[in-house]
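Nothing in this text is a laboratory measurement; each read-out follows from the coordinates by a stated rule. Keep in mind that this is a model prediction, so the values were computed, not measured. Cβ atoms come from the backbone with ideal geometry, glycine included; neighbour counts cover every protein chain shown.
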Amino acid sequence: MAAMISAVDDAVGAINAELERQGLLETTCQFFMADNGPSRETRNWLDGRQDPYYGGTAGRFKGHKFSLYEGGIRVPGIWSWPSRIPAGQVLSGSNGIGAAMDVFPTMLKAAGGDPGRFEFDGSDLLPLLAEGRPSPHAEREVFWEMNKQTAVRRGTWKLTLKGQLVEGAPPEDDVFLANLDADPGERTNLAATQPGVVKELKASAEAWRAKLEARWEREFAPQPHGTTTHKA
């Protein structure tokens, strides 16, 4: 892990050094992020052992890679565009929500492309990054799915259905509701005290998941469409 991090650091440094040499660093838009929380996969030992890997931590957040708790999906991301994005910003809370699905529409719009040519799940984040406006996700729902898990966030509320801590483990809770501003580590399940919020978010998450699954079968399922994928 240390060798991989060092190699990435060296490579990013070399790219930026060349951009600076050519006088392009100030006008180049760059983005860097992790794709998921720390892995617990047994193959990370690389020594034939089958017990879970403990080389990474999500800190105060609960869960790991393959989990829809915050430890599995809340990851650091860095935008750099010195001529357009003010330096030193730290975006957090519901007004700072961004997701990997936002990268393409943001970069496309920044490059002067036509968003109308594409179907997006994400949004252009430049108003948030460059102008300090609220996140486009602040007042609307954001969804995730992983195997049998489904999660939805609306503002400070997050509902996780059949949430797992690690891959292959049984669900920790069938329904888990957290207020992420007050409890980003998802330690306290508020489902019993907020039945109205649970009802709304559960219905929304299940409707989204059903629509997603139907589209998958209609357009992307391996057997009828001749494609390949990893098993769910």
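Evaluated on segment 36-162, the Kirkwood hydrodynamic radius is 16.6 Å, with distances taken between all distinct Cα atoms. The P(r) of segment 94-232 has a tail past 28 Å containing 30 percent of all C-alpha pairs. Among Arg60, Arg40, Arg84, the order by Cβ neighbours within 10 angstrom, fewest to most, reads Arg60, Arg84, Arg40. Computed from phi, the 3J(HN,Hα) profile of segment 158-173 under the Karplus parametrisation 6.51, -1.76, 1.60 (θ = phi - 60°) reads 9, 10, 10, 9, 6, x, 10, 7, 9, 4, x, 7, x, x, 6, 8 Hz, with x in place of Gly and Pro. As a size descriptor, the averaged projected area of the C-alpha convex hull of the chain was calculated at 15.8 nm².
Among 187-193, 33-39, the peptide with the highest mean count of other Cβ atoms within 10 Å heads the list, and the full ranking is 33-39, 187-193.
Close amide-amide hydrogen proximity is noted between Thr150 and Leu161, each under 5 Å apart and 5 or more residues distant or on a separate chain (H modeled in the peptide plane; Pro and chain starts excluded).
Among the chymotrypsin sites (Phe, Trp or Tyr not before Pro) in segment 94-203, which ones are in a DSSP loop with at most 10 other Cβ atoms within 10 Å of the Cβ? Mind listing them? Those that pass, being in a loop and sparsely packed, are Phe118. Using a ≥ b ≥ c from the Cα gyration tensor of segment 1-95 (square roots of the eigenvalues), is it rounded, prolate or oblate, where a/c under 1.5 gives rounded and otherwise the larger of a/b and b/c decides, a/b for prolate? It is oblate, given that a/c is not under 1.5 and a/b is not larger than b/c.
Normalising the average separation of contacting C-alpha pairs (under 8 angstrom, six or more residues apart) by the number of residues puts the relative contact order of the chain at 15 percent.
Placing one identical point scatterer on every Cα of segment 129-204 and ignoring solvent, what is log10 I(q)/I(0) from the Debye formula at q = 0.24, 0.26 Å⁻¹? Each listed q corresponds, in turn, to -1.15, -1.29.
Per-residue ellipticity at 222 nm, computed for the chain from helices alone with -39500 (n - 2.57) per DSSP H run of at least four residues, works out to -8000 deg cm²/dmol.
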